[in-house]
Amino acid sequence: MIGKTQRFEPFAEAPVRVIDEAGQWIAPFAYNLDDDFVRGMYRDLVRARRLDERLSTLQRQGKVSFVASAAGHEGAQVGMARAIEPGRDWLYPYYRDLPLALAVGWPLAEAIAQQMATRADPARGRQMPAHPGSAALNLFTVASPIASHVPPAVGTAIAQKLAGQGDVTLCTFGDGATSEGDWHAALNLAGAQGAPVVFFCENNGYAISVAFRHQSGSVDVATKAHAYGMPGYRVDGMDALACYFVTRQAVEAARDGLGPSLVEAFVYRYGAHSNADDDARYRPADEVAAWRRRDPIGRMRRFLEGRGLWDDAAEAALAAELKAELDAAVRAVEAAGPVPLGWMFDDVLASPSLQLRKQRAALAAQRDLEEPAR
Ligand SMILES: Cc1ncc(C[n+]2csc(CCOP(=O)(O)OP(=O)(O)O)c2C)c(N)n1
């Protein structure tokens, strides 16, 4: 682990990098991590990619309605996950953050259940796929309206400051969120209040089809931190260790009462925005190919191999273990069966309103409320 002595300068133009594409350590300080810590990060990267692939397959099979692929974002997410204390700190993620949710301990089976909306889903099939949430992990349920979770994240951080326990909030979003009014209002308040929050932008260059240069006259997102009186950091988002170190510094600062930070990680989504998007209409194939060559998984594997911490046998064992875990989770989630139609009326209000009771009765007159919702 690095000590508090390691400091990255805010607003440095070149994004922070710790390992390069060839897997070489290029940080301005010596390797100082526990080998198992780094191997564990690699496992989380691969696990997230395998889940991503499986969800796309399930979507094509008609078993999942919506997928927001995180392939290309895993390095940023697994890196930042290691910088907070799950269950103590609060996390306000967005819909492309399944690798982050898994890396802080959200069970794989819950992630699949939430996507497939069977009876195994803790949200009982009533949330949009790719919208995790967990009270046990202080993981705020993902909200679809872009940037709407950023003001509540700041509210949580202000509460943490008042409580004085040194807890922090980590709030993530895409570059598109930074074009929303909510985002600016939230950063302004966080800066004014010295709230212990780390804003983490996963900048993949596009808000669906809209390139960043069409959303903002600013050269990048980190620059905007100047206006709100907080440090801004640029980091290579395809480098999981760089994301870990930079987020860790920002989290430490927040714990120490030094207020908020804004981290901008340059990432790429390899796939379309979602299964309802055709990215070939707005970005060139060679751009996608160029980013794939910087893949966070291959980079981390080469790093581990270079240090004698990984080999083909370890890779094969991991692949088999993850496949078995995924197969078992999908089987269990499917076996739980589809949610019944009537569940949509439960838990909406502590005591159902007259309107809700009328709607329930109207539906019950036409359909069996025990029949599958879809
Ligand atoms: C307030 C609001 N406006 C529009 C949308 C539709 N929408 C869903 S995702 C998205 C793009 C967001 O892009 P970004 O924040 O960069 O994240 P990315 O998907 O690239 O990871 C938009 C416009 C929405 N969900 N909420």
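The values are calculated or read from the model by the stated rules, or taken from the named source; none is laboratory data. Bear in mind that the values here come from a model prediction, so they are computed numbers and not experimental data. Here the Cβ positions follow ideal geometry from the backbone for every residue, glycine too, while neighbour counts run over all protein chains shown. Side chains are part of the model used for accessible areas, which takes the heavy atoms of the whole protein and leaves out ligands, DNA and RNA. Shrake-Rupley method; radii C 1.70, N 1.55, O 1.52, S 1.80 Å.
Scanning the stretch 111-137 for residues that are more than 23 Å from residue 72 (Cβ to Cβ) and out of contact with any helix residue (DSSP H, G or I) (no Cβ under 9 Å at 6 or more places or on another chain) yields 117, 135, 136.
Taking the stated definitions as given, is residue 145 within 11 Å of the ligand (Cβ to nearest atom), within 28 Å of residue 209 (Cβ to Cβ) and in the same structural domain as residue 208 (by TED's automatic domain parsing)? Yes.
Considering only residues in the stretch 143-168 that are over 17 Å from residue 94 (Cα atoms) and in a loop (DSSP other than H, G, I, E, B), the one that is nearest to the chain's Cα centre (by Cα) turns out to be 168. Scanning the stretch 47-67 for residues that are β-branched (Val, Ile, Thr) and buried (at least 18 other Cβ atoms within 10 Å of the Cβ) returns 64, 67. Condition check for residue 229 on (1) of a type in the set (Gly, Ala, Ser); (2) open to solvent by less than 20 Å² (accessible area, probe 1.4 Å); (3) away from the ligand (no atom under 16 Å from the Cβ): one failure, at (2).
Restricting attention to the stretch 270-306 and to residues that are assigned to a loop (DSSP other than H, G, I, E, B) and touching a helix residue (DSSP H, G or I) at 6+ places or on another chain (Cβ under 8 Å), the residue that is most open to solvent (accessible area, probe 1.4 Å) turns out to be 275. Condition test on residue 99, is it within 13 Å of the ligand (Cβ to nearest atom) and without any contact (Cβ under 8 Å) to a residue 12 or more places away in the chain? Against the criterion (within 13 Å of the ligand (Cβ to nearest atom) and without any contact (Cβ under 8 Å) to a residue 12 or more places away in the chain), residue 99 does not qualify.
From the list 182, 220, the one residue that fits, being charged (D, E, K, R), under 30 Å from residue 67 (Cβ atoms) and either part of a helix (DSSP H, G or I) or not assigned by TED's automatic domain parsing to the domain that holds residue 266 (or both), is 182.
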